[in-house]
Amino acid sequence: MAHGPDGEPDAVLGVRNTRVKTARRFPRRAVRMQERRFLVEGPKALAEALDVPGCLDEVFVAPGAAAEHAVLLTAAEDAGAVVRRVDDAALAALADTVTPQGVVAVCRFLDRPLDHVLDALGAPGRPLAPLVVVCADVRDPGNAGTVIRCADAAGADAVVFAGTSVDPYNPKAVRATVGSLFHLPLVRTDDVHQTLAALRSAGFQVLAADGMGEDDVEVLADDGVLAAPTAWVFGNEAHGLDPTVAAACDRRVAIPIHGRAESLNLATAAAVCLYTSARSLRRGAGQH
């Protein structure tokens with residue numbers, strides 16, 4: 001049952017309602033960081049958020065979508081979220097897409113401290129060696145979201161946004177993850193070098209994805225190097241990895257270009273590196 005700001009059931013809220021106005025501020029990074037809340041749109045995103053205990057905070061639903069998504073809304077209330085009916089104008093003001101899907105949810109931040117994630121990855125009994133992604137000064141939200149999606153698809157264990165990287169809760173980044181944001185641990189750190197040092201101390205080999213690298217990703221896979229715990233480091237879209245960051249990695253690894261293309265974009269390079277690692281890890285564990 002949806003509730004209004006004073007607990008009145010089935011109240012339909014407009015754009016001037018206090019709760020709506022508060023939620024409309026979450027696309028601004030400063031507000032997100034202060035409140036540790038972000039917005040997701042659509043029933044699929046709502047369903048994904050429901051799978052993460054404690055993530056879902058509040059749900060806004062347009063009258064026309066309430067009946068269609070009644071099961072999801074009931075599950076949201078059962079999970080402790082407040083469900084509020086809003087008019088179409090309020091829903092459109094909350095949505096970041098041209099054609100809103102009738103549901104917008106407020107979620108709590110998902111990121112965890114790096115040491116907590118590394119401790120979990122070091123627990124005994126894991127079937128595969130861990131695989132971690134580090135985005136070092138990655139600035140484009142669409143790329144950031146796609147890297148999260150690639151990491152999820154390849155079975156990576158965590159994604160770290162280090163240095164001056166974009167906020168993974170940026171609305172464009174959230175959309176680009178297509179739900180993968182809720183599937184694997186996220187970490188945010190201020191210092192790239194400290195992050196790499198922590199990973200190395202935890203037993204990871206740290207590999208820089210670098211088009212000018214001395215090592216070839218295919219050769220490393222063939223030689224069994226990628227069957228070990230690995231952290232892949234991807235740099236800024238325009239400038240690549242900072243030279244000091246690349247130098248701090250164990251290897252600088254290139255993807256061979258067999259055709260005439262000058263290079264690969266960040267998301268494509270990430271997909272190639274992560275799937276190559278995933279294949280090596282499964283081979284090393286005797287899995288197909």
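The values are calculated or read from the model by the stated rules, or taken from the named source; none is laboratory data. Because the structure is a prediction, the values reported are computed rather than measured. In this analysis, Cβ positions are derived from the backbone assuming ideal geometry, glycine residues included, and neighbour counts consider all displayed protein chains.
Some notes on this structure:
- Residues (surrounded by 10 or more Cβ atoms within 10 Å (Cβ to Cβ), farther than 19 Å from V206 by Cα and out of contact with any Gly (no Cβ under 7 Å at 6 or more places or on another chain)) located in the range 257-267: I257, L264, N265
- Selection status of Q194, more than 22 Å from L50 (Cα to Cα), without any contact (Cβ under 8 Å) to a residue 24 or more places away in the chain and not aliphatic (A, V, I, L, M): yes
- Of residues in the range 179-192 being farther than 11 Å from D111 by Cα and touching a helix residue (DSSP H, G or I) at 6+ places or on another chain (Cβ under 6 Å), the one surrounded by the fewest Cβ atoms within 10 Å (Cβ to Cβ): H183
- Those residues of the range 164-209 which are small (G, A, S) and out of contact with any Cys (no Cβ under 6 Å at 6 or more places or on another chain), in sequence order: A173, A176, G179, S180, A197, A198, S201, A202, G203
- Considered as a group, the residues in the range 209-241 that are of a type in the set (A, V, I, L, M, F, W, C) and in a loop (DSSP other than H, G, I, E, B) include one that is modelled with the lowest pLDDT, and that residue is A238.
- Residue in the range 47-65 that is assigned to a helix (DSSP H, G or I) and β-branched (V, I, T) present: no
- Criterion: assigned to a loop (DSSP other than H, G, I, E, B) and either charged (D, E, K, R) or touching a strand residue (DSSP E or B) at 6+ places or on another chain (Cβ under 9 Å) (or both) - qualifying residue of L110, L73, L128: L110
Yes/no matrix, rows are residues, columns are (1) surrounded by 20 or more Cβ atoms within 10 Å (Cβ to Cβ); (2) over 23 Å from D140 (Cα atoms); (3) assigned by TED's automatic domain parsing to the domain that holds D137:
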position	(1), (2), (3)
A197	no, yes, yes
E214	no, yes, yes
A221	no, yes, yes
A228	no, yes, yes
F234	yes, no, yes
A246	no, no, yes
